[in-house]
1. Quick one: order F388, F120 from most to least accessible surface, probe 1.4 Å.
2. Any idea what the relative contact order of the chain is, in percent, if you count C-alpha pairs under 8 Å spaced at least 6 apart?
3. Can you say what percent of the DSSP beta bridges in the chain, counting only those with both residues inside, are antiparallel? Round to 5.
4. I need the peptides 517-529, 241-253 ranked by packing, meaning the mean over residues of other C-beta atoms within 10 angstrom, with the highest value on top.
5. Kindly give Rg over Rh for the stretch 298-403, based on alpha-carbon atoms, with the Kirkwood expression for the hydrodynamic radius.
6. Dividing the convex hull volume of the alpha carbon atoms of the stretch 179-300 by its residue count, what do you get in Å³ per residue?
7. In the stretch 451-476, whose amide N lies under 18 Å from the spot 7 Å out along Cα-to-Cβ of F545? List them in ranges.
8. Measure off 7 Å from each Cα along the Cα-to-Cβ vector at H443 and E176, then give the distance between these two points in nanometres to one decimal.
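The values are calculated or read from the model by the stated rules, or taken from the named source; none is laboratory data. Remember, predicted model here, so these are calculated numbers, not experimental data. Quick reminder, even Gly has a Cβ in these numbers, built from the backbone with ideal geometry, and neighbours come from all protein chains shown. Note: accessible area is taken over every heavy atom of the protein model, side chains too, but ligands, DNA and RNA are not part of it. Shrake-Rupley method; radii C 1.70, N 1.55, O 1.52, S 1.80 Å.
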Amino acid sequence: MVLKETLLRHGFGFESDTDTEVIPKLAKFVHDSLTEETKSGNGGGKDIQFSQVVMEVMRQIEGAYALIFKSPHYPNELVACKCGSPLLLGVKEIGESENRGVFAESELRLAEDGGKPKEFYFASDASAVVEHTKRVMVIEDNEVVHIRNGTVQIYKFEAGKARTASGGLPRPASVERALSILAMEVEQIKKGNYDHYMQKEIHEQPDSLTTTMRGRLIQGENGKVKGVLLGGLKDHLRTIRRSRRILFIGCGTSYHAGLATRALVEELSGGPVTMELASDLLDRQGPIYREDTCFFVSQSGETADTLQALEYAKACGALCVGVTNTVGSAIARGTHCGVHINAGCEIGVASTKAYTSQIAAMTMMALALGEDTLSNRSRREEIIDDLFNLPDKVKEVLKLDNDMKMLAQELMMEQSLLVFGRGYNYATALEGALKVKEVALMHSEGILAGEMKHGPLALVDETLPIIVIATRDATCSKQQSVIQQLQARKGRLIVICSKGDANLMCPNGGCRVIEVPQLQDCLQPIINIVPFQLLAYHLTVLRGFNVDQPRNLAKSVTTS
């Protein structure tokens, strides 16, 4: 706001209220001011470089950003910079027939006379450039990339660097960076035979879960003990087991994935687990101790609030563990260790396969943490057995697609939806409600069933649709009681229960029943969320909204 007021005083006009418009106007102001200084003899007597203008702009702005500058004052030049938000540079040699070869150069070199001309691509996500090239460089915070006449120069911006004695601009340090090869295929970013990315990603979950678990589960044949092998954590497991407490920190769907596995981590590790929304932790400046272990959960690895919480936890001296789907992301680079969920590229804004893979990955982390305890060995082996069966069970529940489409047709004109869950499936209630609200644009609320009598019961009538999750686990009998109380108040019930339990959960009929396969209680949230994903998808299509790009939402939330 201060920058905008300053520019207004200097005669600049604005057509919008966005912060973005301030930046090019500020760049113009900086360029004109520096040019005037140079003409008057106070700027060191040299022409002002485009990258110097951008660095002076960076000196004036705060917060997270990823910017690309183009100007008629500097034809055939382009400057990019970032702080906090993701940005990468793709490099392709003209004439490349395909992008599957290994890049022979170890560094990003300047184009030499007689060398092959190159194409450069800037993007915030690798999926945007993979169809053009697999050779990329992830731009770090406070790096400035200057492309001029086909050459690339990379500088390190230092905010505290003062001007020279003669008044000239500080000379930035040059940086040499390596290119990396994307482990991604073009087919991953295409819809194939599906109408929408979200639909494709829902149906990819058996494969994505298989990939998440591949090479990490020990089957226990030939006398071997069943177990889990997580290469990114094995050197830190002892430290994590000795932690004063474990914190799961995330936002939105990633927070729900942590919540779905909290009880299992507490059970197998024997220590307390605290859930923290990243934004709330930062607002409160909640206490984090050196003896704590903080798990930062993020699909993109670039979530702004989660990144800021990571910096806060590192400053407090805690061990920081990343759980992301993006190799080379800011969280993957900034944490001490971590686990990649390997769910594959997810294009749709509403997270589906990344959520189920996050739960699977964190379940395996819980199993690894409990491996030093004999008392829970049988429990761990039962979970491992069901992990092997998990992809087939997800295939089975995907067969409910037509049933969920019919349910969506019944609910498409409704304005609200309540979802009751408890235990492991409280997270399912929250995530299921989130899916419906973010893509179908219908008000939906996930509620802890134990809180039903503390307010939500007043909403129950014969018109409001209510989904109750009542699959077999330690809270099943309590969910039966909830169903009975809602039926007594003529609630319009939809019950999700284990196969064969329909008559047990609704002995007198009067409610719609969706039966799902049964697994270990800690894995049931992966099964139970799939009907909600299908319901949200079909509701959105029937209501005529954009499935893959819901209004006002972005895939990676890179601003606070």
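1. The ranking, largest first, comes out as F388, F120.
2. 12
3. Taking every DSSP beta bridge with both residues in the chain, the antiparallel ones total about 45 percent.
4. My ranking of the peptides, most packed first, is 517-529, 241-253.
5. So for the stretch 298-403, dividing Rg by the Kirkwood Rh gives 1.04.
6. 198
7. 465-467
8. Once both label points are built, they end up 6.2 nm from each other.
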